[in-house]
Amino acid sequence: MLDISHISKTFNPGTVNEKKAITDLSLHLAPGDFATIIGSNGAGKSTLFNAICGDFLTDSGSIVVNSQDVTFMPSYKRSKHIGRLFQDPMRGSAPGMTIEENLVLAAGHGGWFSHMSAKDKMAFRDQLAQLDMGLEDRMKQPVGLLSGGQRQALTLLMATMNPPWLLLLDEHTAALDPATAEKVLDITKSVVAEHSITTLMVTHNMSQALELGNRTLMMDNGNIVLDVSGEERAHMTVNDLLERFKQGSGKALDNDRMLLS
Amino acid sequence: MSFVELQTVIELGLICSLTVLALFLSYSMLGVCDLSTDGCFTLGATVGAVIAVAGHPVLSIPAAMLAGVCSGFVTAVLQTKMGINSLLAGIIVNTGLYSVNIAIMSGSARVNLNKTGTVFTMVKGLLAGTPLEGWHVTVVAGVAVVLTVALLTLFLNTRLGLAIRATGNNPDMVRSSSINPTFTTIVGLCVANALTGLSGCLMAQSQQSTEINIGSGMVTIALASLLIGGTLLGRGGIFLRAVGMVLGAFLFRLVYAVALRLDMPAFMLKLVSSVIVALALALPYLKSQWPVISRRLSYKKALAVKEGK
């Protein structure tokens with residue numbers, strides 16, 4: 001589903017601020033794969049996501065999503081098939097517009113001059129009800145009035161209402177309180193399972209990285225240093241993971257927000 | 001206030017409210033402060049005047065709007081495709097339009113419409129003998145405003161209109177909805193400038209003359225009306241907010257007319273509008289700073305009392 005081959009990205013090349021963010025990274029995800037990503041600060045996790053989404057053009061290499069070469073495709077076109085959630089719950093929705101107005105834009109069907117139909121509203125109502133947050137009764141309220149967790153759940157709904165080929169989750173529960181984070185994570189799991197969406201998820205929770213999905217990737221210094229799945233992953237503990245990281249990168253894992261629980 | 005003065009307030013309020021509605025679209029919805037408004041208003045006035053002089057008063061209206069679309073398109077392309085800051089793009093276009101406007105008026109800085117048939121004179125003839133006699137400017141401008149408010153409300157609730165509003169609200173979200181924010185910005189500015197052009201066209205024809213400075217300061221005057229309208233009917237649906245814009249334009253003209261009666265010279269109009277805009281934009285900031293200021297003052301006061309002991 002996702003084929004990244006030998007991509008590199010250097011920011012500010014030739015200056016004192018030169019930063020090799022991604023160095024010759026390759027990654028293949030099979031359809032339905034759910035991979036978690038962990039890594040040190042500045043390992044290039046978010047940069048990898050930005051590259052996949054097309055926020056910048058990589059210096060070399062190619063990115064193919066579902067046999068479609070997107071290397072030079074602008075980000076707004078890629079977003080048709082790539083859904084993304086950020087850590088900041090405010091980034092995914094327009095605060096000054098109502099819940100239903102946000103949803104109708106995300107739904108993306110109908111011509112430029114089409115109006116929201118009663119049928120659309122019914123469908124949105126059902127989908128919102130599934131979030132179990134009472135949002136179905138607040139469809140005419142501006143999104144800016146929602147809490148962070150509600151906004152993140154709404155963003156998740158918006159990103160998956162037309163099931164994308166690829167879903168990128170960049171620590172999307174990190175800014176939420178534990179109870180809400182768990183709820184958003186549960187919704188994530190059920191949505192991903194329902195449509196078997198190929199998913200990449202950055203997390204700083206080590207045990208989550210092993211529990212969720214079917215693959216765990218570790219990043220360091222702009223590359224993937226560890227890729228475990230299957231039987232090996234099933235028997236792995238957090239300590240094993242740390243040990244393997246040390247072997248792979250030659251240093252201890254350093255992330256100031258890493259949770260070892 | 002005399003009857004004639006009130007009539008002038010209504011007429012000018014209606015005609016200028018079209019520019020306020022244009023800024024409502026570009027400034028409040030799209031989040032772009034379009035500084036080409038002055039030049040575009042003059043462009044609408046000159047194009048409308050020249051075509052009316054050529055004997056096509058009805059054609060002058062779509063022509064002025066089309067000229068506005070072109071101007072808006074250039075401003076939008078400069079800021080979206082050429083990477084020019086949106087304020088600067090407006091100023092650049094505004095400067096360029098000065099020459100364009102003089103060229104349209106065949107090198108002169110004035111066009112006189114005293115003996116020219118305009119949309120207003122056409123309606124004036126129709127209304128002769130009816131109770132509305134003498135209200136031709138109000139009728140024509142009123143129809144234009146009602147149509148504009150209705151169409152703008154419809155437009156802003158279409159998918160394209162929603163995308164334009166979202167562009168000013170959160171461009172990231174527009175992109176992730178597979179909509180190109182460059183496209184929505186271009187469409188938004190074209191539509192907004194069409195309204196500015198229409199406003200200028202009606203202004204020139206109602207005054208029966210136009211000159212190169214007819215639009216100068218228009219952006220500030222319209223912003224003042226917009227901010228007044230926003231405080232009147234700022235919350236609620238698009239329709240109510242659009243109506244608020246028209247009311248804002250009226251109220252601004254009313255305040256100005258009252259000030260004129262209190263012997264304020266006419267040339268003060270622009271200073272008054274500047275002060276209103278500056279105050280309206282600064283107030284939210286000053287309000288947010290007030291707790292800090294009051295805390296500091298009370299702290300100093302307490303300190304002074306202590307030292308006084």
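The values are calculated or read from the model by the stated rules, or taken from the named source; none is laboratory data. A quick note: this is a predicted structure, and the numbers were derived from the prediction, not measured. Reconstructed Cβ throughout: ideal geometry from the backbone, glycine too, with neighbour counts over all protein chains shown.
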* When the stretch B:178-207 is examined, which residues are found to be surrounded by fewer than 24 Cβ atoms within 10 Å (Cβ to Cβ) and either β-branched (Val, Ile, Thr) or in contact with a Lys or Arg (Cβ under 9 Å, 6 or more places away or on another chain) (or both)? -> B:178, B:180, B:181, B:182, B:186, B:187
* Across the stretch A:70-91, which residue is nearest to the other protein chains (Cβ to nearest Cβ) among those that are touching an Asp or Glu at 6+ places or on another chain (Cβ under 8 Å) and of a type outside the set (D, E, K, R)? -> A:75
* Pairs, please: C-beta under 9 Å, at least 6 apart or cross-chain, first residue within 19 Å of residue B:118 (Cα to Cα) and in the stretch B:190-218, second in a helix (DSSP H, G or I) and acidic (Asp, Glu)? -> B:206/B:11
* Structure fact -> Of the listed residues (B:189, B:202, B:154, B:160), the one being farther than 22 Å from residue A:144 by Cα, within 14 Å of chain A (Cβ to nearest Cβ) and under 25 Å from the mean Cα position of the chain (by Cα) is B:154
* What pairs can you find where one residue is in the stretch A:17-32 and in the same structural domain as residue A:189 (by TED's automatic domain parsing) and crowded, with 19+ Cβ neighbours inside 10 Å, the other is of a type in the set (Phe, Trp, Tyr) and part of a strand (DSSP E or B), and their Cβ atoms are less than 6 Å apart, with a gap of 6+ or different chains? -> A:21/A:11
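Being at the interface with another protein chain (Cβ under 10 Å from one of its Cβ atoms) and closer than 28 Å to residue B:47 by Cβ is the requirement here; does residue B:142 meet it? Walk me through it before giving the result.
Details: at the interface with another protein chain (Cβ under 10 Å from one of its Cβ atoms): no; closer than 28 Å to residue B:47 by Cβ: yes.
Here the answer is no, as residue B:142 does not meet what is asked.
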* Is at least one residue of the stretch B:98-115 in contact (Cβ under 8 Å) with a residue 60 or more places away in the chain, under 19 Å from residue B:199 (Cα atoms) and within 14 Å of chain A (Cβ to nearest Cβ)? -> no
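What's the total number of residues in the stretch B:10-31 that are outside any helix (DSSP H, G or I) and either surrounded by fewer than 24 Cβ atoms within 10 Å (Cβ to Cβ) or in contact with a strand residue (DSSP E or B) (Cβ under 8 Å, 6 or more places away or on another chain) (or both)? Walk me through it before giving the result.
Step one: of the stretch B:10-31, the residues outside any helix (DSSP H, G or I) are B:30-31.
The next check asks that each one be either surrounded by fewer than 24 Cβ atoms within 10 Å (Cβ to Cβ) or in contact with a strand residue (DSSP E or B) (Cβ under 8 Å, 6 or more places away or on another chain) (or both); those that pass are B:31.
Total satisfying the criteria: 1.
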* Residues located in the stretch A:112-121, provided they are more than 7 Å from every other protein chain (Cβ to nearest Cβ) and surrounded by fewer than 16 Cβ atoms within 10 Å (Cβ to Cβ) -> A:117, A:118, A:119, A:121
* Structure fact -> Sole miss for residue A:127 among (1) over 28 Å from residue A:31 (Cα atoms); (2) more than 10 Å from chain B (Cβ to nearest Cβ) is condition (1)
* To do: Report yes if residue A:48 is within 14 Å of chain B (Cβ to nearest Cβ) and modelled with pLDDT of 90 or more, otherwise no.
  => no
* To do: Could you tell me whether the stretch B:256-266 includes any residue that is modelled with pLDDT of 85 or more, buried (at least 20 other Cβ atoms within 10 Å of the Cβ) and under 19 Å from residue B:10 (Cβ atoms)?
  => no
* To do: Pick out, from the stretch B:36-149, the helices (runs of 4 or more DSSP H) lying fully within it that include 2 or more residues that are buried (at least 24 other Cβ atoms within 10 Å of the Cβ).
  => B:37-53, B:57-80, B:86-104
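Going by what's in this entry, would residue B:47 be described as farther than 26 Å from residue B:156 by Cα and in contact (Cβ under 8 Å) with a residue 24 or more places away in the chain?
On the way: farther than 26 Å from residue B:156 by Cα: yes; in contact (Cβ under 8 Å) with a residue 24 or more places away in the chain: yes.
So residue B:47 fits the description; yes.
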* Asked: Which of the residues spanning the stretch A:135-168 are of a type outside the set (A, V, I, L, M), within 12 Å of chain B (Cβ to nearest Cβ) and within 22 Å of residue A:76 (Cβ to Cβ)?
  -> A:151, A:155, A:160, A:162, A:164
* Structure fact -> Residue pairs qualifying under the 7 Å Cβ cut-off, at least six apart or on distinct chains, with the first in the stretch A:37-50 being not assigned by TED's automatic domain parsing to the domain that holds residue A:205 and surrounded by fewer than 24 Cβ atoms within 10 Å (Cβ to Cβ) and the second being of a type outside the set (S, T, N, Q) and in a helix (DSSP H, G or I), are none
* Of the numbered conditions (1) modelled with pLDDT under 90; (2) within 22 Å of residue A:76 (Cα to Cα); (3) small (Gly, Ala, Ser), residue A:42 fails exactly one; give the number of that condition. => (2)
* Filter the stretch A:211-226 for residues that are more than 24 Å from residue A:19 (Cβ to Cβ) and in contact with a strand residue (DSSP E or B) (Cβ under 6 Å, 6 or more places away or on another chain); which is surrounded by the most Cβ atoms within 10 Å (Cβ to Cβ)? -> A:216
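Mind listing whichever residues of the stretch B:108-139 are small (Gly, Ala, Ser), over 15 Å from residue B:7 (Cα atoms) and within 28 Å of the chain's Cα centre (by Cα)?
Pass one, the stretch B:108-139, residues small (Gly, Ala, Ser): B:108-109, B:117, B:125, B:128-129, B:134.
Among the residues that remain, those that are also over 15 Å from residue B:7 (Cα atoms) are: B:108-109, B:117, B:125, B:128-129.
Answer for the stretch B:108-139, where residues must be small (Gly, Ala, Ser), over 15 Å from residue B:7 (Cα atoms) and within 28 Å of the chain's Cα centre (by Cα): B:108, B:109, B:117.
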* Inside the stretch A:92-111, can you point out the residues that are surrounded by 14 or more Cβ atoms within 10 Å (Cβ to Cβ) and either facing chain B (nearest Cβ under 7 Å) or without any contact (Cβ under 8 Å) to a residue 24 or more places away in the chain (or both)? -> A:92, A:93, A:94, A:95, A:96, A:97, A:101, A:104, A:105, A:106, A:108, A:110
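Among the residues of the stretch B:163-186, which ones are at the interface with chain A (Cβ under 7 Å from one of its Cβ atoms) and without any contact (Cβ under 8 Å) to a residue 60 or more places away in the chain?
Just the residues of the stretch B:163-186 that are at the interface with chain A (Cβ under 7 Å from one of its Cβ atoms), to begin with: B:163, B:165-166, B:169-170, B:172-173, B:175-180.
If the condition is that a residue be at the interface with chain A (Cβ under 7 Å from one of its Cβ atoms) and without any contact (Cβ under 8 Å) to a residue 60 or more places away in the chain, then B:163, B:166, B:170, B:172, B:173, B:175, B:176, B:177, B:178, B:179, B:180 are the ones that fit.
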* Asked: With A:86, A:124, A:72 as the choices, which residue is surrounded by 14 or more Cβ atoms within 10 Å (Cβ to Cβ) and more than 19 Å from the chain's Cα centre (by Cα)?
  -> A:124
